[in-house]
Amino acid sequence: MLFQPEIETASPERRRAEQCERLRTLLERLAGLDSPYWKAKLAGVDAGSIRDVDYLASLPFTVKADLRDTYPFGMLTVPLASCVRIHASSGTKGKPTVVAYTAADITLFADVNARSIACAGGTPDDVLHNAYGYGLFTGGLGLHYGGERMGATVVPASGGNPGFQVSLMNDLGANGMCATPSFALLLAERAVEDGLMDAIRSTLRYGLFGAEPWSDAMRTKVEQAWGGIDACDIYGLSEVIGPGVAMECREGKGAMHVFDDHFLPEIVDPATGEPVTDGSPGELVLTTLTKEALPVLRYRTGDVTRFVDEPCPCGRTFRRVARLSGRTDDMLIVRGVNVFPSAIEAVVLDDPALGGQYQIWFDRRGTLAEISVKAELATAADIPMRHEVERRLRERLAERLRIRVEVSCGDPGSLPRSEVGKAKRVFDVTE
Ligand SMILES: [Zn+2]
């Protein structure tokens, strides 16, 4: 089921014309504002001359620091009295990032979340168990309003109290759930412990999972834990609107539809800011075309992805991006080529003769940085094949990363394991 079928299956020509019209309208509005922030941002922009969305590439980027520097309301384009809601990011470093919404923004927020729920397989007849946190965080209220807009029966469970949550899912007959993937796994364990899994499985069909990075391996785990539901990735960030910026559909898992009638995506080289054109990975940049209170132009998300331009079997025509493969902060530059540790991980995990452990050594002592990868053979039976496995790994890395990488494959168990927290994978050699 599609929530807004006519919009969601519009032809690329129609979508592009609409994007262009919306961009022009937005820029004309912003240019007329009596705001120091927007006057500086739009110096030299002639909105009336826009004939194509490619014009966007000539505009300056927006970064998270813009929001911090103008805290709390310096980027608002409407009077605060016209806003009906505030959300904020957690603010791990200093002040939180505050975002505001008009009534029309809340409607838009509900629409894109209703679309997202439909992408995962939701319908108006469903009971939707929402275990995202309610509060300043956009996740809880975003999906709550989306579920109501869809016409589903929303259970605002919020986070915490897993025992109570699984009994609610059972008693109320949840058909869909929204949660972080790690909380979804925890709830699955609890449902098994409490003897409720079989009953919940009989009604639960899908889940929308996001707000933390998760891999396809994690998807398999979550789907199996809940007895074969569709686990779909929902993407968003409060600076753009919250959840519902992009969504994976159950028919086309692996890539997410960016709702680009509202949020226009670009992918740029994080080092140069130039558009990446050939489908290689880069930083996702988003422009809000229709938001009222707090539009952003070319917002640098810091998230790494690439365009996926094959048509999706679901029939939606929104441009797709691959599920996120990391953060630009993790990027290494080797001989002018951007290398993401996640890309190396993908190659290592792909080879059945290799175990999951690996290390990336980034050596910048010479004039040109060098990179080498240490991996581990999966089993003792692979030891006689060591040179063959190393040759294969070297070739695949060269093919995927377009650089020469030194590799070595040790015996099974030869690399140190981390006892606590996130494993350290990247080692810098600077002296
Ligand atoms: Zn699709």
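Which residue is farthest from the ligand (Cβ to nearest atom), if the candidates are limited to segment 265-293 and must be closer than 21 Å to LEU143 by Cα and either assigned to a strand (DSSP E or B) or under 16 Å from the mean Cα position of the chain (by Cα) (or both)?
Top of the filtered list is THR288.
Take the conditions part of a loop (DSSP other than H, G, I, E, B) and at pLDDT 95 or above and apply them to LEU204. Does it pass?
In short, yes.
Hey, any hits in segment 300-320 for a residue that's among the basic types (Lys, Arg) and more than 13 Å from the ligand (Cβ to nearest atom)?
Checked against the condition, which is being among the basic types (Lys, Arg) and more than 13 Å from the ligand (Cβ to nearest atom), segment 300-320 yields at least one hit.
Do the conditions hold for GLU266, that is, is it of a type outside the set (A, V, I, L, M, F, W, C), more than 20 Å from ARG115 (Cα to Cα) and at pLDDT 95 or above?
yes
Could you tell me which numbered condition LEU286 fails, if it satisfies all but one of (1) open to solvent by 10 Å² or more (accessible area, probe 1.4 Å); (2) free of Cβ contacts under 8 Å to residues at least 60 places away in the same chain?
(1)
So, ARG250, is that one within 16 Å of the ligand (Cβ to nearest atom) and open to solvent by 60 Å² or more (accessible area, probe 1.4 Å) or not?
yes
So, PHE259, is that one within 16 Å of the ligand (Cβ to nearest atom) and under 14 Å from the mean Cα position of the chain (by Cα) or not?
Criteria met by PHE259.
Of the residues in segment 17-46, how many are modelled with pLDDT under 95 and farther than 22 Å from PRO79 by Cβ?
Total satisfying the criteria: 4.
Residues of segment 138-161 being buried (at least 17 other Cβ atoms within 10 Å of the Cβ) and at pLDDT below 95, which ones?
Residue satisfying the conditions is GLY159 alone.
What are the residue pairs meeting all of these: first residue in segment 110-121, first residue more than 15 Å from the ligand (Cβ to nearest atom), second residue open to solvent by 10 Å² or more (accessible area, probe 1.4 Å) and acidic (Asp, Glu), Cβ atoms under 8 Å, and 6 or more apart or on different chains?
Here the result reads ALA110/GLU148, each pair linking segment 110-121 to a residue that is open to solvent by 10 Å² or more (accessible area, probe 1.4 Å) and acidic (Asp, Glu).
For segment 82-89, check the following and say yes or no: at least one residue is at pLDDT below 95 and under 21 Å from PRO265 (Cβ atoms).
Yes, because at least one residue in segment 82-89 is at pLDDT below 95 and under 21 Å from PRO265 (Cβ atoms).
Check segment 229-243 and report whether any residue there is open to solvent by 20 Å² or more (accessible area, probe 1.4 Å), in a loop (DSSP other than H, G, I, E, B) and more than 16 Å from the ligand (Cβ to nearest atom).
no
Kindly provide the set of residues from segment 117-130 that are outside any strand (DSSP E or B) and open to solvent by less than 10 Å² (accessible area, probe 1.4 Å), ordered by number.
Selection gives ILE117, ALA118, CYS119, ALA120, GLY122, ASP126.
Specify which of the listed residues (ARG306, ARG300, ARG316) is more than 16 Å from the chain's Cα centre (by Cα), modelled with pLDDT of 85 or more and not aliphatic (A, V, I, L, M).
ARG316
Find all pairs meeting these conditions: Cβ atoms under 8 angstrom apart; at least six residues apart or on different chains; first residue within segment 235-264 and under 19 Å from GLY176 (Cβ atoms) and aliphatic (A, V, I, L, M); second residue open to solvent by 10 Å² or more (accessible area, probe 1.4 Å) and within 11 Å of the ligand (Cβ to nearest atom).
If the second residue must be open to solvent by 10 Å² or more (accessible area, probe 1.4 Å) and within 11 Å of the ligand (Cβ to nearest atom), the pairs left are MET256/ARG320.
The values are calculated or read from the model by the stated rules, or taken from the named source; none is laboratory data. Please read all numbers here as calculations on a predicted model, not as lab measurements. Virtual Cβ from ideal backbone geometry, glycine too; neighbours counted across all protein chains shown. The area values use the complete protein model at the heavy-atom level, side chains included, leaving out ligands, DNA and RNA. Shrake-Rupley method; radii C 1.70, N 1.55, O 1.52, S 1.80 Å.
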